[in-house]
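Visitor: Quick one: the structure is below, questions incoming.
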Amino acid sequence: MTVIRAARAEISKLLSTSTWWILALVLLLYVGSTAGGLAAVFAASATGSLPGEAASLALPEDAIPPLIYSLATAIGYVIPLLIGVLMVTTEFRHQTLTPTFLATPRRGAALGGKLLAAVPVGALFGLVAVVASVLPGAIALATVGADAALDQVDTWAMTARMVLAFVLWVLIGVGVGALVRNQVAAIVIVLAFTQFVEPIGRTVSSFVEGVSNVTAFLPGAASDGLVGASLYTSIPGMAAPEGLELAWWASGLVLLGYAVVLVTLGHITSWRRDVA
């Protein structure tokens, strides 16, 4: 019950600030505009509506809907990751962790409350991301006469896995926040890794032999594997090499493993230290 009370307190603290809805709005606009724009371009190219040599770059029409809808996680996963980081580091930054520990003296229970609260928070942001990618994407596809694939079970199964991926990303963020107390440092690390280190590494793996054996197990790649589609994996050479392809559930376990490792390290090395 202590963990449940702590989780309720965490959700109340998050909803009492403007951070959550600002990030939700950023997620909605960022993913929505990207999904709508790319859907129109790819679908128009696939149906031959674009002039010149653009048609030569066309993807198979049935591959476009999952690619567009999966943009929610392919480009939007940094938002739930930041939410998880902020759920922890904000307490260190504003020195509100002492009252938290007074209310929940068992520090493991306090961290457990944050992890439990991360589940509905991640699901909420996952639903926002799904709406942001599916709604404008489907409209753009229908506008140019392409099949939006909304009547297919696989499409909705993929969106469910996208929500699950968002939950796991928030859990990873909590682990990063517990491990790196300084909020600015934690945010810089998250942005540097998600926007530069991993994308560059996965790009390099497309033309440097052997690198893909490592990049296939990076968090972003695991997230793509869990979802089952991604803009990145549609690029030649950036998909997992033959023999290293994982089932969606195995990719989910890899992503969960990152969360478990980071949370455990954060609890052992940082969370149990005295609060300044």
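The values are calculated or read from the model by the stated rules, or taken from the named source; none is laboratory data. Computed from a prediction, not measured in an experiment: that's the story for all the values here. We place every Cβ from the backbone using ideal geometry, glycine too, and count neighbours over all the protein chains shown. The accessibility values were calculated without ligands, DNA or RNA, using every heavy atom of the protein model including side chains. Shrake-Rupley method; radii C 1.70, N 1.55, O 1.52, S 1.80 Å.
Visitor: If I ask for residues that are open to solvent by less than 50 Å² (accessible area, probe 1.4 Å) and more than 17 Å from the chain's Cα centre (by Cα), which ones from region 116-156 would you list?
Guide: Scanning region 116-156 gives Pro136, Gly137, Ala138, Ala140, Leu141, Val144, Ala146, Ala148, Ala149, Thr155.
Visitor: Please go through region 1-15 and pick out each residue that is open to solvent by 60 Å² or more (accessible area, probe 1.4 Å) and modelled with pLDDT under 85.
Guide: Once the filter is applied, which keeps residues that are open to solvent by 60 Å² or more (accessible area, probe 1.4 Å) and modelled with pLDDT under 85, region 1-15 yields only Met1.
Visitor: Tell me which residues, restricted to region 164-186, are assigned to a helix (DSSP H, G or I), of a type in the set (A, V, I, L, M) and open to solvent by less than 50 Å² (accessible area, probe 1.4 Å).
Guide: Hits for region 164-186 are Ala165, Val167, Leu168, Val170, Leu171, Ile172, Val174, Val176, Ala178, Ala185, Ala186.
Visitor: Got at least one residue in region 168-185 being over 22 Å from Ala39 (Cα atoms) and without any contact (Cβ under 8 Å) to a residue 60 or more places away in the chain?
Guide: yes
Visitor: Can you tell me which condition Gly113 does not meet? The list is (1) within 18 Å of the chain's Cα centre (by Cα); (2) surrounded by 16 or more Cβ atoms within 10 Å (Cβ to Cβ); (3) at pLDDT below 95, and all the others hold.
Guide: Condition (1) is where Gly113 drops out.
Visitor: Can we say Pro219 is surrounded by 17 or more Cβ atoms within 10 Å (Cβ to Cβ), at pLDDT 95 or above and farther than 30 Å from Gly113 by Cβ?
Guide: no
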